[in-house]
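**Q** Dropping the structure in here first, questions after.
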Amino acid sequence: MTLRPAFVLMLLVILSGCPAATAAAPAKPNVLFIAIDDQNDWVGPLAGHPLVKTPHLDRLAARGTTLFNAHCQSPLCNPSRTSLMLSLRPTTTGIYGLAPWFRTLDAWKDRVSLPQHFKANGYRTLTTGKIYHGPAGGPQSRGQEFDLWGPGGGIGARPEKRLIPETPGKHPAMDWGVFPHNDKDKGDYQVASWAVEQLQAAPQDQPFFLAVGFFLPHVPCFITQKWYDLYPGDDSILPPIRADDRNDTPRFSWYTHWDLPEPRLKWVQENHQWQNLVRSYLASTSFIDAQVGRVLAALDTAGLADNTVVVLWSDHGFHLGEKSITGKNTLWERSTRVPLIFAGPGVAKGARSMQPAELLDIYPTLAELCGLPARSDLEGISLVPQLQNANATRSRPAITSHNQGNHGIRTERWRYIRYADGTEELYDIPQDPNEWTNLASDARFSSVLAEHRRWLPRIDADPARGSANRVLTYDPATDTAKWEGTLVRRSDPIPGLQ
Ligand SMILES: [Ca+2]
Ligand SMILES: [Ca+2]
């Protein structure tokens with residue numbers, strides 16, 4: 001007797017007890033979740049710096065959608081990453097500083113994070129490099145966060161002694177420049193290599209959530225000559241600044257970055273380090289771009305690109321002289337605006353959304369793109385409408401908070417800032433992209449101010465138990481501000497300016 005192939009297939013399906021519909025159903029897409037640390041908008045897809053070279057990010061943008069107006073929820077590692085991974089605002093958790101680790105708090109110790117939601121829905125979760133700020137509870141408990149942990153990354157090869165003069169804060173991370181070493185000895189190279197190995201060996205029968213966290217261009221920006229040589233050794237690389245820019249920003253704006261390890265522009269200029277800092281930062285961005293390129297090439301080679309959602313983000317930006325400072329901890333564009341690019345199944349190619357977007361939107365967006373059950377306890381809103389049609393509108397602005405009471409509200413056109421003492425700023429971004437002219441006291445814009453004040457967070461939590469490092473508190477009843485626990489008086493000279 002001769003059996004026709006279709007009959008054989010049906011027989012096999014019956015014998016194996018497996019309905020044909022299940023066998024043919026497409027598997028859930030994988031997730032490749034790429035984080036960059038302290039990467040501001042100086043990347044090709046955001047057009048934040050005219051000379052930056054990021055060919056691999058450009059290619060990722062060409063095969064996906066760029067959120068051109070995306071902002072972090074806090075301009076600092078730990079609070080930004082906690083917010084992103086839980087889809088909760090810093091003003092909800094009270095996590096504003098570099099401490100605490102959120103699992104030490106009763107309210108959040110069992111909170112289902114983004115990778116945990118994927119694990120609960122059948123995904124294998126893997127991580128390497130910097131995703132959370134810190135060791136995620138240490139080796140004993142970090143297995144609760146991800147199934148498999150790769151190399152931790154970080155700085156890697158370091159020079160024998162400092163490359164630049166010691167900065168006023170004497171912090172060892174405040175260093176940058178070229179020294180001879182091998183790119184393969186950099187932590188970020190090893191992070192990319194491990195990610196490539198995981199993609200090459202990805203099991204076919206289970207979707208994965210692979211989180212790859214790069215450290216550069218976070219300081220110290222140590223770099224090899226090859227990347228440094230991508231940029232001219234002259235002032236054409238410097239960002240535009242105005243020496244009098246802070247004359248119309250409230251004194252309280254200084255309180256959000258009162259005393260930082262990062263030096264002020266004054267020190268950087270007096271020590272002839274501005275060009276070297278900017279060039280080292282740009283070179284580090286290009287080096288990371290190349291590592292992203294290695295991981296994306298492995299995704300293609302493994303034949304996974306069509307069934308993998310890629311998301312690339314940075315935890316916040318970085319000033320390199322703008323507004324007289326270097327570092328983060330501000331509510332201006334250079335500190336809040338970040339790369340946020342999605343690509344893969346369900347995402348329009350080569351598109352750019354101008355709508356305000358927030359990093360805490362990543363959690364519900366990935367869940368929807370991958371067909372996971374929606375959660376009702378997230379504060380983010382899915383970006384899938386914008387990823388399908390870049391012209392789709394959003395009603396909510398992007399909100400960034402730096403400690404209780406200090407908030408930046410970014411709509412399509414405006415940036416509004418309110419500090420804890422009630423002082424304000426307003427910028428018309430298309431007219432004034434460098435945020436040089438504060439319009440908050442201009443009566444012509446009183447209705448714009450009123451419209452933006454409506455969006456100030458209604459929940460504005462006290463700092464969580466164990467808060468430390470970059471924590472600013474303010475008591476309006478007594479007009480008392482404290483930076484990292486130390487009283488700041490109205491008459492105190494601003495550190496690093498005199
Ligand atoms: Ca960071
Ligand atoms: Ca100004």
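The values are calculated or read from the model by the stated rules, or taken from the named source; none is laboratory data. In this text the structure is predicted, and so the values were computed from the model without any measurement. Neighbour counts run over all protein chains shown; Cβ positions are idealised from the backbone, glycine included.
**Q** Identify all residues within region 440-454 that are under 26 Å from the mean Cα position of the chain (by Cα) and either surrounded by 18 or more Cβ atoms within 10 Å (Cβ to Cβ) or within 16 Å of ligand 2 (Cβ to nearest atom) (or both); write none if there are none.
**A** If the condition is that a residue be under 26 Å from the mean Cα position of the chain (by Cα) and either surrounded by 18 or more Cβ atoms within 10 Å (Cβ to Cβ) or within 16 Å of ligand 2 (Cβ to nearest atom) (or both), then His452 is the only one that fits.
**Q** Follow-up. Tell me the residue from Leu378, Leu312, Leu366, Leu304 that is in contact with a Ser or Thr (Cβ under 8 Å, 6 or more places away or on another chain) and of a type outside the set (D, E, K, R), please.
**A** Leu378
**Q** (1) of a type outside the set (A, V, I, L, M); (2) part of a loop (DSSP other than H, G, I, E, B); (3) in contact with a Lys or Arg (Cβ under 6 Å, 6 or more places away or on another chain); (4) under 21 Å from Gln204 (Cβ atoms): which one isn't true of Thr125, the others all being true?
**A** Result: Thr125 passes all but (2).
Yes or no, residue by residue, for (1) away from ligand 1 (no atom under 16 Å from the Cβ); (2) closer than 25 Å to Met174 by Cβ; (3) touching a residue at least 12 places away in the same chain (Cβ under 8 Å):
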residue	(1), (2), (3)
Glu270	yes, yes, no
Tyr281	no, yes, yes
Thr285	no, yes, yes
Asp289	yes, yes, yes
Leu296	yes, no, yes
Leu299	yes, no, yes
Gly303	yes, no, no
Val311	yes, no, yes
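**Q** Oh, and also: Where the second residue is among the β-branched types (Val, Ile, Thr) and modelled with pLDDT of 95 or more and the first is under 21 Å from Ser80 (Cα atoms) and assigned to a loop (DSSP other than H, G, I, E, B) and lies in region 128-152, which pairs have Cβ atoms under 6 Å and are six or more apart or on separate chains?
**A** Phe146/Thr125; Phe146/Thr127
**Q** Quick one: is Tyr123 more than 16 Å from ligand 1 (Cβ to nearest atom), buried (at least 21 other Cβ atoms within 10 Å of the Cβ) and of a type in the set (Phe, Trp, Tyr)?
**A** So Tyr123 passes the test.
**Q** Go through region 233-255 and report how many residues are assigned to a loop (DSSP other than H, G, I, E, B) and within 16 Å of ligand 2 (Cβ to nearest atom).
**A** 8
**Q** If you don't mind, there's one more thing I want to ask. So if I check each of Asp41, Asp58, which one is part of a loop (DSSP other than H, G, I, E, B) and either among the acidic types (Asp, Glu) or at pLDDT below 95 (or both)?
**A** Every option except Asp41 fails the conditions.
**Q** Quickly run through region 259-270 and pick out the residues that are buried (at least 20 other Cβ atoms within 10 Å of the Cβ) and aromatic (Phe, Trp, Tyr). Write out each step before concluding.
**A** As a first pass, look at region 259-270 and keep what is buried (at least 20 other Cβ atoms within 10 Å of the Cβ): 260, 262-265, 268.
Residues satisfying the conditions do not exist here.
**Q** Here's something else I'd like to know. Taking Leu265, is it of a type in the set (A, V, I, L, M), farther than 17 Å from Leu32 by Cα and within 16 Å of ligand 2 (Cβ to nearest atom)?
**A** So Leu265 passes the test.
**Q** Shifting gears a bit: Given region 296-394, what helices (runs of 4 or more DSSP H) lie entirely inside it while holding 2 or more residues that are within 16 Å of ligand 2 (Cβ to nearest atom)?
**A** 333-336
**Q** Across region 416-439, which residue is farthest from the chain's Cα centre (by Cα) among those that are within 11 Å of ligand 2 (Cβ to nearest atom) and either in contact (Cβ under 8 Å) with a residue 12 or more places away in the chain or not in a loop (DSSP other than H, G, I, E, B) (or both)?
**A** So in region 416-439, the residues within 11 Å of ligand 2 (Cβ to nearest atom) come out as 425, 427, 432, 434-439.
Going one step further and asking which of them are either in contact (Cβ under 8 Å) with a residue 12 or more places away in the chain or not in a loop (DSSP other than H, G, I, E, B) (or both), we end up with 425, 427, 434-439.
Numbers: Glu425: 24, Tyr427: 23, Asn434: 21, Glu435: 21, Trp436: 24, Thr437: 27, Asn438: 26, Leu439: 28 Å.
Residue satisfying both the conditions and the ranking: Leu439.
**Q** Under the condition of being surrounded by fewer than 16 Cβ atoms within 10 Å (Cβ to Cβ) and touching a strand residue (DSSP E or B) at 6+ places or on another chain (Cβ under 8 Å), which residue from region 485-498 is modelled with the lowest pLDDT?
**A** Per the criteria, the residue is Leu497.
**Q** While we're on this one: Which one of these is of a type in the set (Val, Ile, Thr), at pLDDT 95 or above, touching a Ser or Thr at 6+ places or on another chain (Cβ under 7 Å) and more than 30 Å from Asp475 (Cα to Cα): Ile241, Ile223?
**A** Details: Ile241 fails: touching a Ser or Thr at 6+ places or on another chain (Cβ under 7 Å).
None of the other options fit; the residue is Ile223.
**Q** Report yes if Ala120 is under 22 Å from Leu148 (Cα atoms), out of contact with any strand residue (DSSP E or B) (no Cβ under 8 Å at 6 or more places or on another chain) and among the aliphatic types (A, V, I, L, M), otherwise no.
**A** When the stated conditions are applied, Ala120 passes them.
**Q** Filter region 454-479 for residues that are farther than 24 Å from Ala107 by Cβ and touching a strand residue (DSSP E or B) at 6+ places or on another chain (Cβ under 7 Å) and give the result.
**A** Trp455
**Q** For Ala35, state whether it is farther than 20 Å from Pro397 by Cα, out of contact with any helix residue (DSSP H, G or I) (no Cβ under 6 Å at 6 or more places or on another chain) and more than 16 Å from ligand 1 (Cβ to nearest atom).
**A** Judged against the criteria, Ala35 is not a match.
**Q** Does Asp205 satisfy the condition of being under 26 Å from Gly233 (Cα atoms) and either modelled with pLDDT of 95 or more or not small (Gly, Ala, Ser) (or both)?
**A** No: the conditions fail for Asp205.
**Q** With Arg458, Arg418, Arg396 as the choices, which residue is touching a His at 6+ places or on another chain (Cβ under 6 Å) and either surrounded by 21 or more Cβ atoms within 10 Å (Cβ to Cβ) or not acidic (Asp, Glu) (or both)?
**A** Going through Arg458, Arg418, Arg396 in turn, just one is touching a His at 6+ places or on another chain (Cβ under 6 Å) and either surrounded by 21 or more Cβ atoms within 10 Å (Cβ to Cβ) or not acidic (Asp, Glu) (or both): Arg418.
**Q** Right, something else. Filtering region 153-189 down to residues that are farther than 27 Å from Thr82 by Cβ and of a type in the set (Asp, Glu), which residue is surrounded by the most Cβ atoms within 10 Å (Cβ to Cβ)?
**A** Step one: of region 153-189, the residues farther than 27 Å from Thr82 by Cβ are 157-168, 170, 175-185, 189.
Imposing the further condition that a residue be of a type in the set (Asp, Glu) reduces the set to 160, 166, 175, 183, 185.
On the way: Glu160: 5, Glu166: 12, Asp175: 22, Asp183: 16, Asp185: 12.
In this case the residue turns out to be Asp175.
**Q** Suppose the filter is among the hydrophobic types (A, V, I, L, M, F, W, C), crowded, with 19+ Cβ neighbours inside 10 Å, within 16 Å of ligand 1 (Cβ to nearest atom) and within 20 Å of Ala192 (Cβ to Cβ); does Trp227 pass it?
**A** No: the conditions fail for Trp227.
**Q** Something else about it: Would you please list the contacts, defined by Cβ atoms under 9 Å and residues six or more apart or on different chains, that run from a residue in region 444-473 that is without any contact (Cβ under 8 Å) to a residue 60 or more places away in the chain to a residue that is surrounded by fewer than 17 Cβ atoms within 10 Å (Cβ to Cβ) and part of a loop (DSSP other than H, G, I, E, B)?
**A** The qualifying pairs are Val448/Arg413; Trp455/Arg396.
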